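For reference, the structure is listed below as structure tokens.
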Amino acid sequence: GVHVAEKEAKRDYQEVYNAIATKIRDEDEYDNYIGYGPVLVRLAWHSSGTFDRNDNSGGSFGGTYRFKKEMNDPSNKGLQNAFDFLRPIHEQFPWISSGDLYTLGGVTAVQEMMGPKIPWRSGRVDQPENTVPDNGRLPDASQGASYVRNLFDRLGFGDRETVALIGAHALGKTHYENSGYEGPWGPSPNVFTNDFFVNLLNAHWTLNTNKKGVKQWDNDQGHMMLPTDMALVKDPKYRKLVEEYAKDQDVFFRDFSKAFAKLLENNIKFPDQNKPHYFKTLDEQDL
Ligand code: HEM
Ligand SMILES: N=C(N)c1ccsc1
């Protein structure tokens, strides 16, 4: 059922943001100098993407990613890097819940990679191991448009929100050892842009079977797209949205911010007094 967030504690969440942001800035060598931003965004997404609106189960509230059943979900392979990154932050701020920390990590990463401001509310409360949702709720990358539409409908999202959210694939890369896909970087793996959409439309894509026997799309610049990425230009309704976001990064930023905030808050009711935080970036604080 829907969870009710606890009333906001008298805590300095900007301080937690700054600790995460400083660590992202300092530890820049991770994953061939992509840094921890993208994998932190993926942890926030995967810890929220277990939501199912049909029975109000899953979602970020209980911080259940910390339990091995969810951590070992094959869909979550590679996210241990984000979990290990956040461990010292959790030790420094033991009062923050796991669910708040995993989602705040993604918000901090998006903003520090020059993405849009993401409003964020506190109040998630750790839940016990017996509340871990079943594996298999996160999307399979080998599928087409109707699969993507159904999966994001289960998460409570329409076409516009779905296409905006998948725009996060401008960040980071795919790794053979995690998903069986190998993605040399997109043009800006640690800067949040609308490149994913521009790339989808403008590059010449070839469907290959990679060294792991997995089908993926490659272009001559050494970028890759998943089958579910390519579905966004094959489906006429999705394609209209890809074209809109490729043309206007501000519209993409606006829609991504709303959809990402909604994703991180699915299945949670927040007390009115828990106002959304709009965190300042390190640059905005001259830190
Ligand atoms: C149809 C939906 C989606 C599918 C099938 C999908 C699948 C994948 C796969 C297979 C990878 C590569 C993982 C690896 O090998 O390390 C990946 C990476 C990534 N995904 Fe998605 N994803 C989807 C939606 C999203 C959404 C909604 C977000 C965030 C809002 C997101 C953010 C990311 C990020 C940031 C990475 C890079 C991680 C890294 O560099 O370590 N994805 N995704
Ligand atoms: N399409 C991409 N470049 C991608 C997919 C998952 S992470 C990056």
Find the helices (runs of 4 or more DSSP H) located wholly in segment 30-83 whose residues include 2 or more that are within 14 Å of ligand 2 (Cβ to nearest atom), closer than 25 Å to PRO189 by Cβ and without any contact (Cβ under 8 Å) to a residue 40 or more places away in the chain, and list them. none
Looking at (1) over 21 Å from ASP283 (Cα atoms); (2) open to solvent by 30 Å² or more (accessible area, probe 1.4 Å); (3) in a helix (DSSP H, G or I), which is the one condition that is false for GLN14? (1)
Residue that is nearest to GLY49 (Cα to Cα) [pool: residues in segment 153-169 that are open to solvent by less than 10 Å² (accessible area, probe 1.4 Å) and within 16 Å of ligand 2 (Cβ to nearest atom)]: THR162
Inside segment 170-184, the number of residues satisfying the requirement of being aromatic (Phe, Trp, Tyr) and more than 8 Å from ligand 2 (Cβ to nearest atom) is 1
I'd like to check which helices (runs of 4 or more DSSP H) are fully inside segment 92-184 and have at least 3 residues that are without any contact (Cβ under 8 Å) to a residue 40 or more places away in the chain and within 16 Å of PHE279 (Cα to Cα). none
So the check is Cβ under 8 Å with 6+ separation or different chains; which pairs have a first residue in segment 263-287 that's farther than 30 Å from VAL2 by Cβ and a second one that's among the acidic types (Asp, Glu)? THR281/GLU112; LEU282/GLU112
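Of the residues TYR65, TYR102, which single one is within 16 Å of the chain's Cα centre (by Cα), within 16 Å of ligand 1 (Cβ to nearest atom), buried (at least 20 other Cβ atoms within 10 Å of the Cβ) and under 17 Å from GLY172 (Cβ atoms)? Steps first, please.
Numbers: TYR65 fails: under 17 Å from GLY172 (Cβ atoms).
Of TYR65, TYR102, the one residue that is within 16 Å of the chain's Cα centre (by Cα), within 16 Å of ligand 1 (Cβ to nearest atom), buried (at least 20 other Cβ atoms within 10 Å of the Cβ) and under 17 Å from GLY172 (Cβ atoms) is TYR102.
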Meets criteria (touching a Phe, Trp or Tyr at 6+ places or on another chain (Cβ under 7 Å), under 16 Å from LEU263 (Cβ atoms), crowded, with 18+ Cβ neighbours inside 10 Å and hydrophobic (A, V, I, L, M, F, W, C)) for ALA145: no
Which is over 19 Å from HIS90 (Cα atoms), surrounded by fewer than 17 Cβ atoms within 10 Å (Cβ to Cβ) and within 16 Å of ligand 2 (Cβ to nearest atom), of ASP140, ASP134? ASP140
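The values are calculated or read from the model by the stated rules, or taken from the named source; none is laboratory data. Worth saying up front: this structure is predicted, and the values here are computed from it rather than measured. Positions of Cβ are backbone-derived with ideal geometry, glycine not excepted, and every protein chain shown enters the neighbour counts. Heads up: the accessible areas ignore ligands, DNA and RNA and are worked out on the full protein's heavy atoms, side chains in. Shrake-Rupley method; radii C 1.70, N 1.55, O 1.52, S 1.80 Å.
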